[in-house]
Amino acid sequence: MGKLSQVVKVKGVPVLVTSVTEASIDSLRQMTDIFRGKHPSGIVALGTVNQEKPSIICAITEDLIQKHGINAGEIVRTAAAIIEGSGGGRPNLAQAGGKNPAKISEALARIMQLIEEKL
């Protein structure tokens with residue numbers, strides 16, 4: 001996954017928020033697993049548009065949930081509203097789907113903003 005090179009540090013925490021071209025939800029999950037394998041503490045949020053349907057997945061490591069109160073479910077619900085959809089999940093892993101593929105970049109930008117506010 002070449003996208004791992006796009007990891008940035010936000011207040012010392014590895015963060016990857018990016019879009020992936022036409023990936024399935026299963027592929028996005030595998031990518032979050034790869035990220036978590038390389039970064040025992042970090043946040044990853046991936047978005048894609050597959051068959052005109054936008055999807056987002058977000059994973060947060062337990063230490064950051066405990067320390068900062070950051071919640072993947074809350075993050076994807078906010079992003080889901082932007083892509084005209086719904087989402088949810090657990091504090092450590094959540095996903096969203098929507099109807100407006102044109103808004104995926106805006107949703108990912110909002111996720112990055114939320115992460116920066118929480119850390």
Seminar exercise, completed: In degrees rounded to 10, the 0-90 angle between helix 72-82 Cα long axis and the longest Cα principal axis of the chain is 30 degrees
For this session: Return P(r) of the stretch 51-90 (all Cα-Cα pairs; 10 Å bins starting at 0; whole %; ordered from short to long distances).
Result: 31, 46, 20, 3
Exercise. Comparing GLY89, GLY69, GLY12, which has the greatest mean-square fluctuation in the GNM of the chain with Cα pairs linked when under 10 Å apart?
Worked result: GLY12
For this session: Only loop residues by DSSP count here, and only those with at most 15 other Cβ atoms within 10 Å; note down the trypsin sites (Lys or Arg not before Pro) in the stretch 14-119 that meet that.
Result: LYS99
For this session: Can you pull the one-decimal nm distance between simple spin-label points at GLU106 and ASP26, each 7 Å off the Cα toward Cβ?
Result: 3.2 nm
For this session: Express in nm, to one decimal, how much length is gained between SER86 and GLU116 on full extension, taking 0.36 nm for each residue of separation and deducting their alpha carbon distance.
Result: 8.6 nm
Exercise. With contacts defined as alpha carbon pairs under 8 Å and 6 or more residues apart, what's the relative contact order of the chain in percent?
Worked result: 23 percent
Seminar exercise, completed: Any GluC sites (Glu not before Pro) in the stretch 44-119 that lie in a DSSP loop and have at most 10 other Cβ atoms within 10 Å would be GLU52
Seminar exercise, completed: Computed D for the chain, Stokes-Einstein, Kirkwood radius over alpha-carbon pairs, 10 °C, 1.306 mPa s, to the nearest µm² per second, is 116 µm²/s
Seminar exercise, completed: Checked against the positive end of the charge dipole of the chain (+1 on Cβ of Lys and Arg, -1 on Cβ of Asp and Glu, about the Cα centre), the farthest of PRO54, LEU28, ASN71 is ASN71
For this session: Tally the DSSP beta bridges in the stretch 17-118 and give the antiparallel ones as a percent, rounded to 5.
Result: 75 percent
Exercise. What does the helix-only formula give at 222 nm for the chain: each DSSP H stretch with n ≥ 4 adding -39500 (n - 2.57), the total divided by the residues, and the result rounded to the nearest 500 deg cm²/dmol?
Worked result: -12000 deg cm²/dmol
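Since every read-out is calculated from the coordinates, none of them should be taken as a lab result. These numbers were taken from a predicted model, which means no experiment stands behind them. Neighbour counts are summed over all protein chains in view; Cβ atoms, including those assigned to glycine, are modelled from backbone coordinates with ideal geometry.
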